[in-house]
Structure formats: structure tokens, C-alpha cells
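The values are calculated or read from the model by the stated rules, or taken from the named source; none is laboratory data. Computed from a predicted structure; not experimentally measured. When we count neighbours, we look across all protein chains shown, and the Cβ atoms used for this are built from the backbone with ideal geometry, even at glycine. Please note that ligands, DNA and RNA were not included when accessible areas were found on the heavy atoms of the full protein model with its side chains. Shrake-Rupley method; radii C 1.70, N 1.55, O 1.52, S 1.80 Å.
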Amino acid sequence: MENFKGQPRLPKFAVPKRYDLQLKPDLSACKFAGSVSIDVDIVAETRFIVLNAAELSINPGSVSFSPRNSSKVFDPKKVELVEEDEILVLDFAEALPLGLGVLAIGFEGILNDRMKGFYRSTYEHNGEKKNMAVTQFEPADARRSFPCWDEPSFKAKFKITLDVPSELVALSNMPVIEEKVNGPLKTVSYQESPIMSTYLVAYVVGLFDYVEDHTSDGIKVRVYCQVGKANQGEFALKVAVSTLELYKDYFAVPYPLPKLDMIAIPDFAAGAMENYGLVTYRETALLYDEQHSAAANKQRVATVVAHELAHQWFGNLVTMEWWTHLWLNEGFATWVSYLATDSIFPEWRIWTQFLDELTDGLRLDGLAESHPIEVEINHAAEIDEIFDAISYRKGASVIRMLQSYLGAECFQRSLASYIKKHAYSNAKTEDLWAALEEGSGEPVTKLMNTWTKQKGYPVVSVKFKDQKLEFEQSQFFSSGSLGDGQWIVPITFCCGSYDKKKSFLLQTKSENYDVKEFASDSNKSAWIKLNVDQTGFYRVKYDEELAARLRYAIENKYLTPTDRFGILDDSFALCMARQLPLTSLLTLMGAYREELDYTVLSNLISITYKVGRIAADARPELMDNINQFFINIFQYSAEKLGWDATQGESHLDSMLRGEILTALAMLGHKETLSEASRRFDAFLKDRNTPLLPPDTRKAAYVAVMQTVTSSNRAGFDSLLKVYRETDLSQEKIRILGSLPSCPDQGIIREVLKFSLSPEVRSQDAMYALAVSKEGREVAWTWFKENWDLILKTYGSGFLITRFVSAVVSPFASFEKVKEVEEFFANRSMPSIARTLKQSLERVNINANWVKSIQAEQNLGEAIQELAYRKY
């Protein structure tokens with residue numbers, strides 16, 4: 001018995017083949033009863049059966065094992081549920097016969113309110129609050145709903161039956177084959193599923209409306225949502241049908257199930273979950289309201305739907321063997337969701353926006369406390385923390401890098417053969433590399449192991465000397481410290497024109513490249529840009545001469561948006577790592593004053609926020625000039641776009657307008673603040689006023705909060721009123737995300753208190769944590785005072801990590817590191833350990849950056865000159 005405790009994985013002497021599961025949820029008492037009969041293959045001599053179960057009460061008298069070829073029934077002499085290991089150990093008096101048998105277990109459980117396992121979510125119908133029952137089993141919570149082998153490699157078939165109130169809708173992975181009504185209850189039986197992992201099993205019980213369509217080969221697709229919101233499902237439905245058609249061709253395998261349901265759940269911890277045939281979503285990721293949703297909401301719905309449907313092949317049909325290979329699921333689905341969205345909405349230029357994913361991956365992976373893409377998982381509690389920017393965004397970025405290196409056609413062909421080979425089974429990272437290596441003849445395994453088996457990435461330094469380019473790679477850390485990692489780097493570069501593109505693999509520490517052909521007299525001052533279109537997962541550091549040429553190329557609009565983005569983002573990262581003075585970064589930012597590309601400007605805005613915060617800690621007396629300089633940078637695009645949309649303008653301009661106006665409001669730009677106030681007043685009188693459409697609402701809300709104080713709180717109270725009156729999640733989140741931008745500490749305290757009140761769904765509280773720099777200390781005090789409540793509400797899921805990083809990371813002093821360490825000395829736990837270390841590392845990086853800015857010579861004069869320069 002003791003041998004089974006404390007193990008990361010279940011023993012393999014018994015293997016499940018099929019589950020016959022019956023459940024009866026009680027939505028008013030918030031509990032459920034169930035029974036499961038599991039066809040089990042005993043493959044090695046044992047008198048034990050060990051499977052997963054958690055938070056269930058098992059009826060020992062109901063447990064038995066009946067071998068297929070015998071009339072004998074084996075009853076266990078001992079039934080033990082080991083809660084700390086989440087295992088159920090059945091100890092039989094004698095060895096069980098090898099071969100197939102049926103394991104029967106009766107059990108009861110709680111419909112919890114923690115958004116994991118089999119849980120309850122609340123909604124209103126005709127003014128009355130009701131419960132629905134929902135599942136969220138990934139990564140390891142099917143065991144909270146029924147005893148099972150809850151690991152991805154134990155694939156089996158599932159036959160599910162639900163006993164539910166007869167007026168409710170009951171959905172599962174497969175289509176309904178029979179509904180028997182018996183007075184107030186009905187028994188709903190579903191078709192048996194194909195072979196699948198437990199984390200993809202799903203059932204939902206509640207009141208719903210739906211909209212429906214079909215693919216060209218007859219797959220029925222539905223979007224379910226709360227009663228009265230059906231029309232908000234139309235956009236996602238259209239995207240889903242198009243996406244299924246596209247993936248069927250791309251993967252060269254038809255969608256494997258007879259139907260696809262997508263459903264909006266009011267209380268939902270993640271963005272969405274790819275359960276086979278029954279995909280669950282947050283309302284904000286599935287519903288789109290023509291009247292009140294912004295362009296950014298529309299794009300979010302499209303990319304999330306495309307991501308989840310990619311999983312129906314990559315994840316569900318072919319499943320990772322263990323959580324070490326989670327990135328195969330998430331990195332791939334992220335990458336291919338851009339491929340699908342670009343095909344359906346080419347005008348969104350979504351591959352340029354992919355750079356946001358790349359940057360998020362680079363930012364996390366620049367920390368010493370990052371982790372490799374392939375990460376050892378030794379306990380179920382560790383899995384939640386790797387659903388992060390490494391698995392999703394670095395994963396997607398290295399796939400994009402590899403596809404760009406191998407070529408799109410070869411990549412697609414090899415993928416299709418990988419999916420055919422591993423369909424209905426499990427795969428590891430090396431299986432994907434083997435398929436791509438076979439299809440391309442390139443050394444994919446050797447190349448990619450340097451990117452997935454070690455953490456971090458290189459910065460490639462480039463110098464121009466004697467008609468040669470000198471390349472040198474070293475590991476990049478945001479802290480500025482030196483690392484000893486080395487990679488096989490696919491280098492691409494252009495000189496003076498995109499017609500002349502060169503590429504090679506940098507396999508050593510350094511290498512020279514002869515560029516005589518580029519260095520004719522007329523070309524001596526030509527720009528040289530590495531990592532063309534930012535397809536590589538690395539940063540570039542140019543010598544001063546090359547950097548000056550690139551700045552000139554940006555001002556003269558010679559470079560593509562992706563390359564303009566890359567130069568800016570790498571310079572920001574190098575400045576944070578204290579390898580580039582702030583003066584140099586600010587001078588470069590000035591070259592973007594006529595920028596109009598959405599993705600480039602969006603990143604420029606987020607860099608101004610970060611630089612502004614650090615500069616305020618380092619040199620508060622320079623802030624008026626710094627803010628004036630930032631306002632000047634955005635003036636050109638703000639005047640071009642104005643507050644009002646023009647007829648037939650692009651989706652990207654609609655998104656950009658809101659972001660630019662929000663930035664100007666945050667920078668205290670007087671005209672923006674007063675215009676926002678005028679439009680907000682009109683909006684309060686008429687929620688459908690054309691003066692404040694969804695795309696500019698957040699800007700107006702943020703502007704209003706800039707002038708709110710504890711003694712002048714009318715704007716705050718008005719926003720709370722709008723929050724309480726809307727039933728659209730996107731609108732609530734727009735408001736929640738705007739409230740904490742207020743500089744008044746008393747108001748910040750109220751906002752944080754409001755975030756944990758029953759008026760805010762627990763999944764949404766973290767939107768209120770993005771506090772102004774004036775609110776950091778208030779947020780930390782509030783966090784410490786409310787730690788027990790936060791732990792009770794969020795302690796069992798991944799959302800608690802969002803609280804830790806949002807509250808701790810913005811600080812910039814070594815004293816704060818000590819204070820946070822002391823607070824967590826006796827409060828840490830496995831599920832936040834990695835996040836806490838990463839957050840403290842960020843504070844140390846900020847503190848060192850502040851010190852270096854304080855020591856920078858002539859910074860004041862340089863900023864004065866930049867702020868008042870006449871162009």
C-alpha cells in the first residue's frame with residue numbers, strides 16, 4: 001500500500017478500456033451521486049487496483065471487480081482514498097486474474113464553487129438566481145467527478161448517462177441517443193465516445209438557448225448561451241464552421257466526431273477548454289454583441305474559437321503522453337489559430353499581431369526563473385503553473401520559427417503524416433520532430449532540442465567591420481547577468497532592401513559573414529536588419545553605427561511593421577537589462593512619431609507605460625518632460641484617428657483608436673481628458689449614444705478615473721452604476737480594468753475591496769489588480785490583509801498565481817523583495833512557488849534598472865530636448 005503514495009504517476013498494472021458512467025447532479029443541494037463501471041485490463045500480477053479520486057466519498061460496499069471469463073466476483077478487503085495523493089487504493093485478498101474485467105464503484109461528491117472538477121456556476125433567469133452544473137477537468141480534475149485513471153496516456157471510451165431535471169438542457173461530448181422523461185427528472189443517454197483522455201470528458205446541465213449551422217460534410221455545430229443571448233453566438237458559429245472546414249484540409253483528417261457544441265459559461269477560470277465535442281468558454285471569449293462589443297472583443301472570439309478547435313485534432317485526437325509535453329498541445333494550437341484567423345480575416349493582419357505572443361514569451365523566458373518548454377512534472381499540483389507564456393507563446397513562436405525555416409508546404413505535409421500516425425493515441429515532442437525530420441530531410445531534432453530542452457534564448461550581437469558582419473550569440477537575461485546557454489539559431493538578414501535576404505544556421509558562439517556584395521559605395525550606409533519579420537525566437541543587439549542606420553530607416557518608412565516592432569522591442573529589453581542607456585531607447589522611440597501600424601503602436605504604448613513607471617521611481621522630477629515627450633509621439637496618430645470612426649474604416653484602426661486615446665488619458669493629456677468627460681456624460685444619458693461606441697469606451701472610462709478622488713467621486717460612482725446595469729461580461733470587464741488606473745489611493749482601496757465582493761465573479765477579480773503606480777503599496781497591504789480569503793477562493797486553481805504576480809511584480813526596490821519574502825516565508829505552496837520566484841526576480845530587475853537610470857549622465861538634458869524638439 002505504501003508504495004503507491006507520493007508517486008507522480010499511477011502504476012501501470014491495470015489499464016482502463018471503457019467507462020460506463022452514470023451521474024445524478026442535484027443543483028439545489030449542490031451535490032451529485034454517481035456510479036461507474038470500468039472495463040479494465042489487468043496486464044500484470046497484482047492484488048491492488050490504484051486509480052485517481054479526490055473529494056469523493058466512496059461507498060465501499062459498492063466496489064467490486066468481476067473478471068470477464070469467470071463468474072467469481074472479487075470484493076476488496078480494504079478501500080482507501082488517499083487525499084494528499086488523490087488516489088483510490090483497492091486492496092483485494094488475492095491476486096486478480098490477468099485479462100479483462102469490470103470494476104464497479106458507487107460514489108458521491110459536491111458541486112463545488114472553485115471552477116474545477118464538476119462545479120456549479122450561477123446565472124439569472126427571469127430575475128431569479130439559478131445554478132448550472134459544469135465540468136473543467138484539465139489538467140487533473142476528472143477525479144473530482146468520478147474515480148478514473150486521470151492521466152492523458154490512459155485513453156478509453158466513455159458511455160455517459162445523466163439524470164437531470166426534465167426542463168434543463170444536458171450536454172456531453174457526444175450526441176444524445178435517448179431521453180426518457182420520468183416526471184420531474186429525465187435520463188439522458190449519449191453515444192459512446194471514441195477513445196479519449198479523461199481531461200477531455202465534459203457535461204453541462206442548465207437552461208440554454210442555441211444557434212445552429214452545419215459544415216459542408218454534415219457536422220452539426222451549435223453555440224449555446226444563456227437564454228436571451230442566442231444572437232450573440234452568431235459570430236462564433238460562423239467562425240467555427242469556417243475553421244472546421246479549414247482544419248479538415250490542413251490536417252488532411254476529417255473532424256472526428258458527429259457534432260460540435262460550444263457553450264458560454266458565466267463562471268469559468270480559463271479562457272476556454274477544448275473538451276472533445278463540447279468546448280466550454282468564458283462568455284467574453286465566445287459571445288459577440290454587434291451593439292456593445294468592441295473590435296478587440298471580436299478578434300478575441302475568433303482567435304479563441306480557432307485555438308480550441310485546433311485542439312480537436314492536436315490534443316484530442318493526438319494527445320501528449322504526459323504534461324511534460326503540454327506545449328505540444330498549447331504551443332501548436334496557439335500557432336495554428338493564427339493560421340486559421342488569417343485565412344478567414346486576412347484584413348486583420350493577424351500574423352503581425354502574433355508578435356504580441358512572441359514578446360510575451362521572450363519576456364517570461366528572459367528570467368532566470370523561467371523553465372524549459374519541456375518541463376519535468378512530478379506532482380499534479382505543479383501542472384497548473386506551466387499553463388503559461390512558455391508553453392503557449394514560446395511554444396507557438398518556436399513552431400513559427402521552424403515552419404519558416406522548413407517552408408510552409410513541407411511543414412504541413414509532415415504534420416498531416418504525424419497526425420495520421422498518432423491518431424487516437426499519445427505522442428511526445430520527439431515524435432513530432434521525427435515526422436518533420438522525415439518530411440524535410442533537415443536535422444530537426446538536433447536544431448529543436450536546443451529550443452525545447454533548455455530554458456532561455458540568445459541575444460545575437462552584430463557588428464559591421466571590414467565589409468564583414470560579425471555575429472555573436474550569448475544567453476539573454478532581463479537582469480543583465482550572463483548565461484552559458486547556446487543555441488542553433490536560424491539567422492536571417494537583409495541589407496538595404498528586402499530583395500536581398502540571406503540566411504544561415506549559427507551553430508557556434510560566433511561567426512563572420514562576408515557582405516562585400518552589399519557594400520558597394522552607394523550602399524555603405526545601407527541598413528542591415530537581422531531576424532527578418534521576427535520569425536526567430538531571439539533578440540538582436542546592433543553596434544551604434546548599425547543602430548543609427550536602422551533609426552534612419554524607421555523614420556523614412558523603409559522597414560516592414562514586423563521589423564519596426566522587433567527593433568523597438570529588442571531595444572526596450574536591452575535597456576531593461578542595462579545594456580542600452582535610457583537616452584538611446586527614448587531617442588529610438590522618437591523615430592516612431594509617425595507610426596500608424598496597430599501592432600507596432602500597441603507595443604510602443606505598453607513600453608511607454610513601463611518606462612514611465614520605472615522613470616517615475618528613478619527620476620520623478622523628469623516625469624513632466626517624459627510624459628510630454630510620450631504625448632508628442634502619439635499626437636500624430638491620435639489626430640489622424642480622432643474620436644469618431646469613419647465609414648468603412650479598418651478593424652485595426654478601430655482597435656488602435658481606443659488604445660491611443662487610453663494612452664493619452666493615462667499620460668494626463670488635457671484635451672483627451674476633457675473630450676472623454678464630455679462623451680462619458682452623453683453616454684450616461686443614453687447608453688446607445690454614437691458619441692461613445694464600444695471601441696472608445698475604455699479610453700473614456702480610464703480618462704474619467706484619472707480625475708476621481710475620494711472627495712470628488714462622481715465618475716467612479718457613475719461607472720459602478722454602468723457596471724451594475726449591464727449584463728454583458730465584456731462591458732463589466734472594460735469597467736473593472738479601468739477602475740484601478742485611478743491615482744487616488746483611497747479609491748484604489750475601494751476598487752480592490754469591490755473586486756472581492758459578490759458583485760464581481762471570482763474569475764474576473766484579477767482585472768482590478770492592474771493598479772496605478774500610486775496604488776502599488778495600497779494593493780500590497782490589501783493583498784496581505786485579504787490573503788486568507790484569496791487563498792480560500794483561489795488556492796486550488798491557477799488564478800491565485802495572477803494575484804501574486806500582479807501585486808508583487810510592479811515594485812522596484814530591494815527592500816520590497818525582503819518584505820515579500822518575509823510575508824511568504826511560511827505561506828508558500830507548490831502551486832505559487834514558481835510564480836513567486838519570477839515576481840521577485842522582476843522586482844530585482846526593476847530595482848537595478850532604477851539604479852542605472854539614476855546614474856545615467858545628461859538624462860535630464862536629453863529628455864528636455866526630446867520633449868520640446870520641433871519636427
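If I ask for residues that are open to solvent by 10 Å² or more (accessible area, probe 1.4 Å) and either β-branched (Val, Ile, Thr) or within 23 Å of ILE491 (Cβ to Cβ) (or both), which ones from segment 388-400 would you list? Working first, answer last.
Restricting attention to segment 388-400, the residues satisfying the condition of being open to solvent by 10 Å² or more (accessible area, probe 1.4 Å) are 388-389, 392-393, 400.
Answer for segment 388-400, where residues must be open to solvent by 10 Å² or more (accessible area, probe 1.4 Å) and either β-branched (Val, Ile, Thr) or within 23 Å of ILE491 (Cβ to Cβ) (or both): ARG393, ARG400.
Out of (1) on the phi < 0 side of the Ramachandran plot; (2) in contact with a helix residue (DSSP H, G or I) (Cβ under 7 Å, 6 or more places away or on another chain); (3) modelled with pLDDT under 95, what's the single condition that is false for SER440?
Of everything listed in (1) on the phi < 0 side of the Ramachandran plot; (2) in contact with a helix residue (DSSP H, G or I) (Cβ under 7 Å, 6 or more places away or on another chain); (3) modelled with pLDDT under 95, SER440 misses just condition (3).
Just wondering, is there one or more residues in segment 401-418 that are farther than 30 Å from LYS5 by Cα and outside any helix (DSSP H, G or I)?
Within segment 401-418, the subset farther than 30 Å from LYS5 by Cα is 401-418.
Among the residues that remain, those that are also outside any helix (DSSP H, G or I) are: 407.
There is at least one residue in segment 401-418 that is farther than 30 Å from LYS5 by Cα and outside any helix (DSSP H, G or I).
For every residue, the table says whether it meets (1) under 30 Å from GLU649 (Cα atoms); (2) of a type in the set (A, V, I, L, M); (3) buried (at least 17 other Cβ atoms within 10 Å of the Cβ).
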residue	(1), (2), (3)
THR341	yes, no, yes
ASP365	no, no, yes
GLU369	no, no, no
GLU374	no, no, yes
GLU382	no, no, yes
PHE411	no, no, yes
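Filter segment 420-430 down to residues that are surrounded by fewer than 18 Cβ atoms within 10 Å (Cβ to Cβ) and part of a helix (DSSP H, G or I) and give me whichever is nearest to the chain's Cα centre (by Cα). Walk me through how you get there before you give the answer.
As a first pass, look at segment 420-430 and keep what is surrounded by fewer than 18 Cβ atoms within 10 Å (Cβ to Cβ): 420-421, 423-425, 428, 430.
In the following step, the residues that additionally are part of a helix (DSSP H, G or I) were identified as 420-421, 430.
Working: LYS420: 28, LYS421: 29, GLU430: 24 Å.
So the residue we want is GLU430.
So which strands (runs of 3 or more DSSP E) stay within segment 472-574 end to end and still have 3 or more residues that are surrounded by fewer than 19 Cβ atoms within 10 Å (Cβ to Cβ)? Give the derivation first.
Values: elements: 489-495, 501-506, 510-514, 528-530, 539-542.
Qualifying strands (runs of 3 or more DSSP E): 501-506, 510-514.
Could you tell me whether LYS698 is among the charged types (D, E, K, R), modelled with pLDDT of 95 or more and touching a Gly at 6+ places or on another chain (Cβ under 9 Å)? Full working, then the answer.
Values: among the charged types (D, E, K, R): yes; modelled with pLDDT of 95 or more: yes; touching a Gly at 6+ places or on another chain (Cβ under 9 Å): yes.
For LYS698, the condition - among the charged types (D, E, K, R), modelled with pLDDT of 95 or more and touching a Gly at 6+ places or on another chain (Cβ under 9 Å) - is met.
Quick one: is LEU739 at pLDDT 95 or above and touching a Ser or Thr at 6+ places or on another chain (Cβ under 7 Å)? Can you show your working first?
Numbers: at pLDDT 95 or above: yes; touching a Ser or Thr at 6+ places or on another chain (Cβ under 7 Å): no.
It is false that LEU739 is at pLDDT 95 or above and touching a Ser or Thr at 6+ places or on another chain (Cβ under 7 Å).
Keeping to segment 447-471, report how many residues are within 20 Å of PHE504 (Cβ to Cβ), touching a helix residue (DSSP H, G or I) at 6+ places or on another chain (Cβ under 9 Å) and part of a loop (DSSP other than H, G, I, E, B).
Total meeting the criteria: 2.
All but one of (1) of a type outside the set (Phe, Trp, Tyr); (2) modelled with pLDDT under 95; (3) under 28 Å from the mean Cα position of the chain (by Cα) hold for MET448; which doesn't?
Condition (2) is where MET448 drops out.
Would it be correct to say that LEU447 is crowded, with 17+ Cβ neighbours inside 10 Å and either more than 30 Å from LEU550 (Cβ to Cβ) or without any contact (Cβ under 8 Å) to a residue 12 or more places away in the chain (or both)? Even if it seems obvious, please write down each step before you answer.
Working: crowded, with 17+ Cβ neighbours inside 10 Å: yes; either more than 30 Å from LEU550 (Cβ to Cβ) or without any contact (Cβ under 8 Å) to a residue 12 or more places away in the chain (or both): no.
Answer is no for this residue.
Do the conditions hold for TRP433, that is, is it open to solvent by less than 10 Å² (accessible area, probe 1.4 Å), touching a helix residue (DSSP H, G or I) at 6+ places or on another chain (Cβ under 9 Å), part of a helix (DSSP H, G or I) and free of Cβ contacts under 8 Å to residues at least 24 places away in the same chain? Walk me through how you get there before you give the answer.
Details: open to solvent by less than 10 Å² (accessible area, probe 1.4 Å): yes; touching a helix residue (DSSP H, G or I) at 6+ places or on another chain (Cβ under 9 Å): yes; part of a helix (DSSP H, G or I): yes; free of Cβ contacts under 8 Å to residues at least 24 places away in the same chain: yes.
Spelling it out, TRP433 is indeed open to solvent by less than 10 Å² (accessible area, probe 1.4 Å), touching a helix residue (DSSP H, G or I) at 6+ places or on another chain (Cβ under 9 Å), part of a helix (DSSP H, G or I) and free of Cβ contacts under 8 Å to residues at least 24 places away in the same chain.
Within segment 826-846, identify whether any single residue is closer than 27 Å to GLY590 by Cα, of a type in the set (A, V, I, L, M) and open to solvent by 40 Å² or more (accessible area, probe 1.4 Å), and answer yes or no.
Looking only at segment 826-846, we keep the residues that are closer than 27 Å to GLY590 by Cα, and these are 842, 845-846.
Going one step further and asking which of them are of a type in the set (A, V, I, L, M), we end up with 845.
If we keep only those that are open to solvent by 40 Å² or more (accessible area, probe 1.4 Å) too, we end up with none.
Within segment 826-846, not a single residue is closer than 27 Å to GLY590 by Cα, of a type in the set (A, V, I, L, M) and open to solvent by 40 Å² or more (accessible area, probe 1.4 Å).
Select from segment 576-618 the residues that are charged (D, E, K, R), in a helix (DSSP H, G or I) and more than 27 Å from the chain's Cα centre (by Cα) and list them in ascending order.
Of all residues in segment 576-618, those charged (D, E, K, R) come to 578, 593-595, 597, 610, 613, 617.
The next check asks that each one be in a helix (DSSP H, G or I); those that pass are 610, 613, 617.
Within segment 576-618, just ASP617 meets the criteria.
Regarding segment 235-252, can at least one residue be identified that is free of Cβ contacts under 8 Å to residues at least 12 places away in the same chain, acidic (Asp, Glu) and either over 20 Å from THR280 (Cβ atoms) or not in a strand (DSSP E or B) (or both)?
Initially, segment 235-252 is screened for residues free of Cβ contacts under 8 Å to residues at least 12 places away in the same chain, giving 249.
So of that shortlist, the ones also acidic (Asp, Glu) come out as 249.
So of that shortlist, the ones also either over 20 Å from THR280 (Cβ atoms) or not in a strand (DSSP E or B) (or both) come out as 249.
Yes - at least one qualifying residue is present in segment 235-252.
Among what's in segment 451-468 and is under 26 Å from the mean Cα position of the chain (by Cα) and either hydrophobic (A, V, I, L, M, F, W, C) or surrounded by fewer than 14 Cβ atoms within 10 Å (Cβ to Cβ) (or both), pick the residue that is farthest from PRO194 (Cα to Cα).
Of segment 451-468, the ones under 26 Å from the mean Cα position of the chain (by Cα) are 451-459.
Narrowing the set further to residues that are either hydrophobic (A, V, I, L, M, F, W, C) or surrounded by fewer than 14 Cβ atoms within 10 Å (Cβ to Cβ) (or both) leaves 451, 453, 459.
Numbers: TRP451: 34, LYS453: 33, VAL459: 46 Å.
Result: VAL459.
What is the number of the single condition among (1) touching a residue at least 12 places away in the same chain (Cβ under 8 Å); (2) in a strand (DSSP E or B); (3) of a type in the set (Lys, Arg) that LYS129 does not meet?
Status for LYS129: all satisfied but (1).
Kindly list the number of the only condition in (1) surrounded by fewer than 24 Cβ atoms within 10 Å (Cβ to Cβ); (2) of a type in the set (D, E, K, R); (3) in contact (Cβ under 8 Å) with a residue 40 or more places away in the chain that fails for ARG300.
With (1) surrounded by fewer than 24 Cβ atoms within 10 Å (Cβ to Cβ); (2) of a type in the set (D, E, K, R); (3) in contact (Cβ under 8 Å) with a residue 40 or more places away in the chain applied to ARG300, the lone miss is (3).
Quick check: is even one residue across segment 570-578 among the charged types (D, E, K, R) and under 26 Å from LEU505 (Cβ atoms)? Break it down into steps so the answer makes sense when it comes.
In the first step, residues of segment 570-578 are kept if they are among the charged types (D, E, K, R); the result is 570, 578.
Filter again for under 26 Å from LEU505 (Cβ atoms), leaving 570.
Yes - at least one qualifying residue is present in segment 570-578.
Residues that are within 29 Å of PRO254 (Cα to Cα): which helices (runs of 4 or more DSSP H) entirely in segment 318-392 hold 3 or more of them? Break it down into steps so the answer makes sense when it comes.
Numbers: elements: 326-344, 350-365, 380-383.
In segment 318-392, 326-344, 350-365 are the helices (runs of 4 or more DSSP H) which contain 3 or more residues that are within 29 Å of PRO254 (Cα to Cα).
Listed here are the residues, each with its yes/no results for (1) in contact (Cβ under 8 Å) with a residue 60 or more places away in the chain; (2) over 21 Å from SER757 (Cβ atoms); (3) open to solvent by less than 10 Å² (accessible area, probe 1.4 Å).
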residue: SER677; (1), (2), (3): no, yes, no
residue: ARG687; (1), (2), (3): no, yes, no
residue: PRO690; (1), (2), (3): no, yes, no
residue: VAL708; (1), (2), (3): no, no, yes
residue: SER711; (1), (2), (3): no, yes, no
residue: LEU728; (1), (2), (3): yes, no, no
residue: ILE735; (1), (2), (3): no, no, yes
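Find the residue count for segment 50-71, including only residues that are in a loop (DSSP other than H, G, I, E, B), open to solvent by 10 Å² or more (accessible area, probe 1.4 Å) and within 30 Å of PRO139 (Cα to Cα). Lay out the reasoning, then the answer.
In the first step, residues of segment 50-71 are kept if they are in a loop (DSSP other than H, G, I, E, B); the result is 53-55, 68-71.
With the extra rule that they be open to solvent by 10 Å² or more (accessible area, probe 1.4 Å), the set shrinks to 55, 68-71.
Remaining after also requiring within 30 Å of PRO139 (Cα to Cα): 55.
Summing the residues that are in a loop (DSSP other than H, G, I, E, B), open to solvent by 10 Å² or more (accessible area, probe 1.4 Å) and within 30 Å of PRO139 (Cα to Cα) in segment 50-71 gives 1.
Quick check on my filter: what residues within segment 155-174 are open to solvent by 10 Å² or more (accessible area, probe 1.4 Å) and under 26 Å from ASN426 (Cα atoms)?
LYS155, LYS157, LYS159, MET174, listed by residue number.
Restricting to segment 78-93, give me the number of residues that are touching a strand residue (DSSP E or B) at 6+ places or on another chain (Cβ under 6 Å), open to solvent by 30 Å² or more (accessible area, probe 1.4 Å) and not in a strand (DSSP E or B).
Adding up the residues that qualify gives 1.
From PRO25, PRO11, grab the single residue that is assigned to a loop (DSSP other than H, G, I, E, B) and modelled with pLDDT of 95 or more.
Numbers: PRO25 fails: assigned to a loop (DSSP other than H, G, I, E, B).
That would be PRO11, the only listed residue that is assigned to a loop (DSSP other than H, G, I, E, B) and modelled with pLDDT of 95 or more.
What number goes with the only condition from (1) surrounded by fewer than 21 Cβ atoms within 10 Å (Cβ to Cβ); (2) in a helix (DSSP H, G or I) that PRO743 does not pass?
(2) is the only condition that PRO743 fails.
Give me the pairs, please: first residue somewhere in segment 385-407 and within 17 Å of THR324 (Cβ to Cβ), second residue anywhere and open to solvent by 20 Å² or more (accessible area, probe 1.4 Å) and among the basic types (Lys, Arg), beta-carbon distance under 6 Å, and either six or more positions apart or on two chains.
Final answer for the pair search is GLU385/ARG834.
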